[in-house]
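Visitor: Provided herewith is a single structure, encoded as structure tokens, for subsequent inquiry.
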Amino acid sequence: MRLYSIMNDFVSESDYITLDFFVKKYGVSKRTIQNDLSYLIQLSKDKGFYINFRRGYGYILEVNDFKKLKRFMDSLNSQRIQAIGFYLVMSDAYVTMDQLAEEYRL
């Protein structure tokens, strides 16, 4: 789920994004974000985009195939929807929108 949100951050931002931005936004450690970014960088070649790092600036998304990127984003979103559905099914009590928003950073 965080991967989808990180990719959305990149898509909506045309400038470099710092590691600290992600750490503060998602409330996780630098190592966790570095792992997420490393994973996305490994996938990126076949998914129509690159995530480049520039020391002192941060990370930036460069798209070379918008169709592949859209398919990748759709697949991440689909996984997110499945996770939310599973969460709802497995819950013993009512679930509020606030709980879902907190759990899945909606």
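The values are calculated or read from the model by the stated rules, or taken from the named source; none is laboratory data. Note that the structure is predicted; figures quoted are calculated from it, not measured. Quick reminder, even Gly has a Cβ in these numbers, built from the backbone with ideal geometry, and neighbours come from all protein chains shown. Please note that ligands, DNA and RNA were not included when accessible areas were found on the heavy atoms of the full protein model with its side chains. Shrake-Rupley method; radii C 1.70, N 1.55, O 1.52, S 1.80 Å.
Visitor: Just flag the trypsin sites (Lys or Arg not before Pro) in the range 19-106 sitting in loop per DSSP whose Cβ has no more than 16 other Cβ atoms within 10 Å.
Guide: Answer by residue number: Arg55, Arg105.
Visitor: Continuing with the same structure: Using a simple spin-label model with points 7 Å from Cα along the Cα→Cβ vector, what separation in nm is obtained for Glu103 and Lys68?
Guide: Simple spin-label model gives 3.5 nm for this pair.
Visitor: I'd like the chymotrypsin sites (Phe, Trp or Tyr not before Pro) in the range 7-106 restricted to DSSP loop residues with at most 11 other Cβ atoms within 10 Å, sorted by number.
Guide: Listed in order of number, the matching sites are Tyr94.
Visitor: Please report Rg (one decimal) and Dmax (integer) in Å for the Cα set of the chain.
Guide: Using the Cα atoms of the chain, the pair Rg, Dmax is 15.0, 47 Å.
Visitor: Taking the full set of protein chains and a 1.4 angstrom probe, give the accessible area of Thr32 in square angstrom, rounded to the nearest 10.
Guide: Approximately 40 Å² for this residue.
Visitor: Another question about this same structure. Residues of the chain: accessible area per residue at 1.4 Å, in Å²?
Guide: 69 Å²
Visitor: When the accessible area of the chain is computed with all protein chains present and a 1.4 Å probe, what percentage of it is carbon and sulfur?
Guide: With neighbouring chains kept in place, the figure for the chain is 51 percent.
Visitor: Okay, moving on. In whole percent, what relative contact order does the range 2-106 give with Cα contacts below 8 Å and a gap of six or more residues?
Guide: Relative contact order comes out at 26 percent.
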